[in-house]
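A short write-up of the structure that comes next.
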Amino acid sequence: MKRTSILAMFLVAVTLFSTSCGTSDKVASVSLTVSGTTGTVNLEGLGGTLQLQVMANYTSGKIVDETNWSTYQATPQGTLWDLMTPLPTPPQGISVNATGMITATDPGICTWYDETAGTSSSTPAWYFPGSYIIVATYKGMQSQPVYIPVASSASGQTGTNGACGPTTTN
């Protein structure tokens, strides 16, 4: 009788372990993207918006949208179009709300630079010497950074006619 009980308990334990019952499904990583975009993004025009999306990647392979339960940190990096003025700290010209919506706010800023401005080239060559680095945090885990250049004001750069960035709404 005793051997039967021990054998039954052993079989139950083996079954539980072999079906992964009793294991926990934990967040393995957090991914941050800008919805509806690929490549370089651009926050254009005052009031312009970009929507962030936070995905929690679980150890089981499950992926869950946790955008509304995440927090966001924006850190300025680099300079404005004039290559001399650092981006303001704390961040100005953008806001990030609790649902991950980034909005271009006053004062408008331009973080793009056309390296062909003032030359005979008719095709601009835009790059951004400054951007806001956005990182999301969900359950203590941080995402990879996303870089957001801003084109919410006219550029004062000579030869750009006030244009700011590869596609502008100024």
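Taken together, the values in this text are just the output of simple stated rules run on the coordinates, not laboratory data. Every value quoted in this text rests on a predicted model; they were computed, and no experiment measured them. Cβ sites come from the backbone with ideal geometry, for glycine too, and all protein chains shown count toward neighbours.
The set of residues from the range 60-84 being closer than 26 Å to Ile109 by Cα and in a strand (DSSP E or B) comprises Thr71, Tyr72, Gln73, Ala74, Thr75, Pro76, Gln77, Gly78, Thr79.
Scanning the range 64-90 for residues that are of a type outside the set (S, T, N, Q), under 21 Å from Val30 (Cβ atoms) and surrounded by 12 or more Cβ atoms within 10 Å (Cβ to Cβ) returns Val64, Glu66, Trp69, Tyr72, Ala74. Consider Thr71 carefully, then state whether it is more than 20 Å from Gly140 (Cα to Cα) and among the hydroxyl-bearing types (Ser, Thr, Tyr). Against the criterion (more than 20 Å from Gly140 (Cα to Cα) and among the hydroxyl-bearing types (Ser, Thr, Tyr)), Thr71 does not qualify.
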